[in-house]
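Just below is one structure, and these are the notes that go with it.
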């Protein structure tokens with residue numbers, strides 16, 4: 001090629017171009033702009049099209065589709081779980097709940113296997129975990145969204 005540009009209608013069509021043309025034809029069929037036999041005829045030509053000009057000829061008499069609507073932002077729910085402070089405070093409790101389920105399941109399976117109720121031994125580790133989680137939740141200051149750690153005085157411009 002000696003630097004000559006190929007006109008757009010003579011450029012080779014890609015699979016994505018053929019798919020876009022097929023979607024446009026399907027939309028025209030849905031809207032009642034094409035009859036079923038005309039749709040099938042144009043679709044067959046679109047699938048076998050070689051150039052962009054071949055595809056443009058198939059949709060020349062159809063209106064340009066409207067731009068896709070931009071989805072609206074979904075507002076966050078106004079529940080306490082959406083607040084970062086509450087989320088931070090409940091996070092350790094999720095771990096305690098998971099460990100509780102596992103330990104109680106082990107106790108239940110061993111009780112079933114032995115065909116007698118064994119002493120409820122999960123109470124001991126879960127009791128300690130509960131106390132440590134509660135102490136951690138009470139002792140930990142709330143999350144500061146500004147990034148300053150107020151309880152230690154860091155980030156305060158006055159140094160106080």
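The set of residues in the stretch 1-22 being assigned to a helix (DSSP H, G or I) and exposed (fewer than 11 other Cβ atoms within 10 Å of the Cβ) consists of 8, 15, 16. How many of the residues making up the stretch 104-143 are surrounded by 10 or more Cβ atoms within 10 Å (Cβ to Cβ) and more than 26 Å from residue 87 (Cα to Cα)? Counting residues in the stretch 104-143 that are surrounded by 10 or more Cβ atoms within 10 Å (Cβ to Cβ) and more than 26 Å from residue 87 (Cα to Cα) gives 15. In the stretch 95-108, the residues that are assigned by TED's automatic domain parsing to the domain that holds residue 125 and more than 13 Å from residue 128 (Cα to Cα) form Cβ pairs under 9 Å with partners that are modelled with pLDDT of 90 or more and in a helix (DSSP H, G or I), at six or more places apart or across chains, as follows: 95/129; 103/125; 103/126; 104/126. For residue 99, are the conditions met, namely being within 34 Å of the chain's Cα centre (by Cα), modelled with pLDDT of 90 or more, in a helix (DSSP H, G or I) and at negative phi? Yes: the conditions hold for residue 99.
Within the stretch 30-40, being assigned to a helix (DSSP H, G or I) and surrounded by fewer than 17 Cβ atoms within 10 Å (Cβ to Cβ) holds for 30, 36, 37, 38, 40.
The values are calculated or read from the model by the stated rules, or taken from the named source; none is laboratory data. In this text, all values refer to a predicted model and were calculated from it rather than measured experimentally. Quick reminder, even Gly has a Cβ in these numbers, built from the backbone with ideal geometry, and neighbours come from all protein chains shown.
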